[in-house]
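Participant: I have a structure I would like to understand better, so I am pasting it below and will then ask my questions one at a time.
The values are calculated or read from the model by the stated rules, or taken from the named source; none is laboratory data. This structure is a prediction, so every number in the text was calculated from the model and none was measured. In this analysis, Cβ positions are derived from the backbone assuming ideal geometry, glycine residues included, and neighbour counts consider all displayed protein chains. Each accessible area value is taken on the protein alone, full model and side chains, heavy atoms only, with ligands, DNA and RNA left out. Shrake-Rupley method; radii C 1.70, N 1.55, O 1.52, S 1.80 Å.
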Amino acid sequence: MEESIRLHYTVPGDDFTRAGAASGNVKRTLKELGVSPAVIRNVSIAMYEGEINMVIHANGGEIDVEITENEIIMTLRDQGPGIENVELAMKEGFSTAPDNIRTLGFGAGMGLPNIKKYTDEFSIDTKVGVGTTLNMKVKIQ
Amino acid sequence: MKIIMTVKEFSEKLSLKILTEGDLSRQITGCYCGDLLSWVMSRAREGDVWLTVMGNVNSVAVAVLSDCACIVLTENSPLDEAAKEKALQQGITFLSSDRNAYELSVEISKLI
């Protein structure tokens, strides 16, 4: 792969039927490119968690993915409420998801911790009342 | 990886009802039980049978991302229409049983 591949997705807010479409598409693309299953799994899980967070908390958002020879860079931007306490949000088990979300099987407080676990680099830019951007990187080798 | 049996053989051995038919020739290599999707997604392995009560669209996405062989809805838990449609689109097999996750796990452990 000489040039990088760029993909863009819009995640609709409050629509669980379409959440997972972007991560599913990236998964298929990486498979076609012959990327190893372990890397594909890491990228898919991290991205799906990010997508679900956008649906639950931020009324959707935008995702940019760049696939280069050595790494996969994902940027997830939303204009949601922002995260008040990032340190707390990163703790396993901490969740602000409402009860109706829990009955769908989410809200376990594993979203951001899972992203951290499955990426090589992860940072959060967030401002209360403005929005949140997640920057993730998964190395191919 | 040890090859055990296909989804079709598995459904017949345990008398499971097929709700949506994906790839029934898919081989089953293990089993995972759980209802919290993030937990399942990070722990279920490729080729697992996934036992859960969650029959919604998010379960389909999790099964796709974690490459589960099939989903078994335990205790006759319902599969909603949107999930059924998405499962058919994505080729995910949903099976159903009136037994609970423990009872099924005991049976599955005798098979694999």
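Participant: Would you confirm whether any residue within the range A:110-119 is aliphatic (A, V, I, L, M), surrounded by 22 or more Cβ atoms within 10 Å (Cβ to Cβ) and away from chain B (no Cβ under 14 Å)?
Facilitator: Among the residues of the range A:110-119, not one is aliphatic (A, V, I, L, M), surrounded by 22 or more Cβ atoms within 10 Å (Cβ to Cβ) and away from chain B (no Cβ under 14 Å), which makes the answer no.
Participant: Let me ask another. A:ILE56 passes all but one of (1) within 28 Å of B:SER77 (Cα to Cα); (2) open to solvent by less than 30 Å² (accessible area, probe 1.4 Å); (3) in contact with a helix residue (DSSP H, G or I) (Cβ under 8 Å, 6 or more places away or on another chain); which number fails?
Facilitator: That leaves (2) as the condition not met.
Participant: If you take the residues of the range B:47-70 that are more than 17 Å from A:ILE40 (Cα to Cα), within 12 Å of chain A (Cβ to nearest Cβ) and aliphatic (A, V, I, L, M), which of them is farthest from the chain's Cα centre (by Cα)?
Facilitator: B:VAL57
Participant: Across the range A:87-109, what is the number of residues that are open to solvent by less than 50 Å² (accessible area, probe 1.4 Å) and either among the small types (Gly, Ala, Ser) or free of Cβ contacts under 8 Å to residues at least 24 places away in the same chain (or both)?
Facilitator: The qualifying residues number 7.
Participant: Say whether the condition of being outside any helix (DSSP H, G or I) and under 14 Å from the mean Cα position of the chain (by Cα) is met by at least one residue in the range A:79-88. Working first, answer last.
Facilitator: Of all residues in the range A:79-88, those outside any helix (DSSP H, G or I) come to A:79-85.
Going one step further and asking which of them are under 14 Å from the mean Cα position of the chain (by Cα), we end up with none.
No.
Participant: In addition: Only one of these is among the hydroxyl-bearing types (Ser, Thr, Tyr), touching a Gly at 6+ places or on another chain (Cβ under 6 Å) and farther than 24 Å from B:ASP67 by Cβ: A:THR103, A:THR126. Name it. Steps first, please.
Facilitator: Working: A:THR103 fails: touching a Gly at 6+ places or on another chain (Cβ under 6 Å).
None of the other options fit; the residue is A:THR126.
Participant: With the requirement that a residue be open to solvent by 60 Å² or more (accessible area, probe 1.4 Å) and more than 18 Å from A:MET47 (Cβ to Cβ), what does the range A:71-86 give you? Walk me through it before giving the result.
Facilitator: Of the residues in the range A:71-86, the ones open to solvent by 60 Å² or more (accessible area, probe 1.4 Å) are A:77, A:79, A:81, A:84-85.
Correct list: A:GLN79, A:PRO81, A:GLU84, A:ASN85.
Participant: Next up: Quick one: A:MET47 ticks every box in (1) open to solvent by 50 Å² or more (accessible area, probe 1.4 Å); (2) at pLDDT 95 or above; (3) hydrophobic (A, V, I, L, M, F, W, C) bar one, so which box is it?
Facilitator: (1)
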